[in-house]
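The values are calculated or read from the model by the stated rules, or taken from the named source; none is laboratory data. The structure displayed is predicted, hence computed values, not measured ones. Here the Cβ positions follow ideal geometry from the backbone for every residue, glycine too, while neighbour counts run over all protein chains shown. All accessible areas refer to the heavy atoms of the entire protein, side chains included, with ligands and DNA or RNA removed. Shrake-Rupley method; radii C 1.70, N 1.55, O 1.52, S 1.80 Å.
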Amino acid sequence: MHGRPRTAPKPEDAAASAAKAQKLRGLQSQFLSYHHSRIYTEEALDASAKLLEINPEYYTAWNYRKLAVEHRVGESGSSPESVKSIFDEELKVVENALRQNFKSYGAWYHRTWVLSKGHSSLDHELRLLDRFQKADPRNFHAWNYRRFVAALLGRSVEDELQYTEDLIGNNFSNYSAWHNRSMLLSEILKKKEQESSSQDVISKEYEFVLNALYTDPDDQSGWFYHLWLLDQTFKVKAPLLVSSWPVPGSDLVVSGNVSFADHPLSSFSEFTVALERFPVVLYFNQNVEGVNSSTVTIQSTFVQNEDVTWKPLSLQNSPASKVWVGYLDLSGVDHHSSAPYTVEIKLGHHQGIMSSNGLQLSIPFDLSFTVSVKPLETQSSKDEKVAWEEDKFCACETHLQVAIPCLCYDGITVDNKYEPTTSDWQIGTIAEEISQIRNLLAISDSKIGKITLARLLMAHDAMSSPYATQTVHAEEVLGLYSELMKLDPSHYQYYKDERSLVLLQQLLSSRETLLRYCFCYRGITSPSAYGPICLRLNNQSISRMGSFDKLLWVQMLDLSDNELHSIEGIEALQLLRCLNLGRNKLRSFTSLDPLRYLRSLKVLNISHNEIGLHSIDTTRYSCSASPLSHNGEIIWSDDVFPPEDADVTNYWDAFMVFKSLELTQLDIVGNAVANEKFKSFLLKILPKLQFLDGQNLHRI
């Protein structure tokens, strides 16, 4: 059983085990002889029964007995009485095996197989289950089998609910009973056609589970059921588009893929991208699939809808993703004309975009923006080094601040007239649960109670619509997670990550708070009065990133001096050119995997992390990007095939991250991996690199 310490066997126990093993080997040898010869005599069946009574997990013996049953039943002259006798004998063999080990997978599967043939009485089954569930109320094998038997008997869901209620009343900590109750309630909720009927059922369940929570606030079983109820109450149903780039109504000025000195990005509406890869990003509230030229239409004078291929930005190479990107080709646009081109994007007008549960995009969206290509009079032959020192940044001027609202706040909702779908019952339910949990925490310092309250408060702030930016309870939630980090150090990292997500929501909750972290970079030589705009979220004690739907416009991002161990989600920032991840807690190149999708990235600082300090990260080799995998995004074309003299064998994980990037500046100093051999490898796979660890490489 779980949690029981192992002790050395006593001499007499060791002798008994040896004798049992000797007997088992003899029986097994005899049984296999019968099995290979396809002998199904009474003597052979008796040998298999004895073997299973000693070792119920011997699957070969169970499969042999299935073959024997089919053989005996198929014999000519088998009467209904003799067939029933054959199956009843199997039930006895299973019961004897379960007495030896009532958590035997093979035994329960065999019993299910026997009953599914329809020749056995079911009268004994519930009494048998009662005995086993009294011996161990958390035996999930028995609970699974009970659901199977109840369906055969035609027992009502209400009767089974009452049974779980009785067991929970005897022991609030019976997690399996709570789980079975959730399975039964799911069936009831599916049958309730009217929403009010479902609400009545869920409301009664809240009353039931609260009694358990108040009785034993530190027991997790009731809390998990409470969390399941909350999920039923506030479950996101149909998918919605929550953010996009460009956002509706924006007027953009785009320059080609040139250096900062040539085009300093001195406005929130000016962007530098490769003209043949101008990204359009669609950000949904849940994973969706079916985004293609049939479900998303683009109307413009310079691009044909069928020429745009939409791709999911999924690290798991899944066909479904929250974030989808399509690239427009602006290379054919007249660069000498300042006239803007209008682009109209429509999605959701035709079915096809759906979530994993089969629900269609619920609201059609129409996105319209203009784009003009800025002519480039002169172009520098080389890039300038980007320095991340404090004195290189200054606050953004007032005239630059007005563009933020049209970039990331309310654009989707204003143009598409989103109407909140949250009901009065949901609002009332969440308010009542917040009140109940507050009352409970007043008398008990329950850790899981604090977690639940934090989740409820954040859900309350987000209830008005999926686009809500209010963080009324953010300070209280941050305080709760800070308390939990002290109370429960074994789960410190989880609380730290959750706290980071809430902190980011707070920092990016409005244009006013966002502006505090927007700075102009003055570290380049440029005729422009203003340098590129950098979002600086450095030194915020962030361990996990989020709120990427608010950051799709960012081209320069400073995340240094935090505690990041992952950057998952950053792949959505398709415009990102400069990224500072220095002095974090990134442990391997696998943690940098999202960078593979950032084709505009030119400047990267990953200095003073923990890359190469820990044992080899084998995640990549067992998942999608292994060279032996057929699922990974590995295309051995001329532009990504490694140079012959590059040591890809020892630095495969690094090659997978950098192979598609065109970095001009990279800082890796302060990592255990950053020796001369690795630097030599980088120079071979990054032919456009101009600066490495601050040193000018003087490449031609």
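See the values below:
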item	result
Average accessible area per residue (Å²) across the range 163-219 - probe 1.4 Å, nucleic acids and ligands excluded	54
Within the range 314-356, backbone nitrogen closer than 13 Å to the virtual label 7 Å beyond the Cα of Thr301 toward Cβ	333-343
Relative packing of peptides 338-347, 318-327 - highest average C-beta neighbours within 10 Å first	318-327, 338-347
Percent accessible area from carbon and sulfur atoms, the range 466-601, protein chains only, probe 1.4 Å	46
Candidate lysines - alpha carbon under 23 Å from Lys496, same-chain residues fewer than 8 apart omitted	Lys447, Lys450, Lys486, Lys550, Lys585
Separation of the Lys235 and Ser173 label points, Cα + 7 Å toward Cβ, nm	3.1
Candidate lysines - alpha carbon under 23 Å from Lys66, same-chain residues fewer than 8 apart omitted	Lys50, Lys84, Lys92, Lys103, Lys117
The range 12-103, relative contact order [Cα under 8 Å, separation at least 6], %	28
Residues with amide H under 5 Å from that of Val242, placed H, sequence gap 5 or more	Tyr283, Phe284, Asn285
Point-to-point label distance, Ile443-Gln22, nm (Cα→Cβ direction, 7 Å offset)	6.3
Förster radius 41 Å - calculated FRET efficiency between Arg522 and Thr215 (Cβ-Cβ, nearest 0.05)	0.05
Gain in span if fully extended, Ile427 to Lys385, counting 0.36 nm per residue against the direct Cα distance	9.9 nm
The range 1-130, accessible surface, carbon-and-sulfur percent (1.4 angstrom probe)	52
Simple label model, 7 Å out from Cα along Cβ direction - Asp13 to Tyr492, nm	3.7
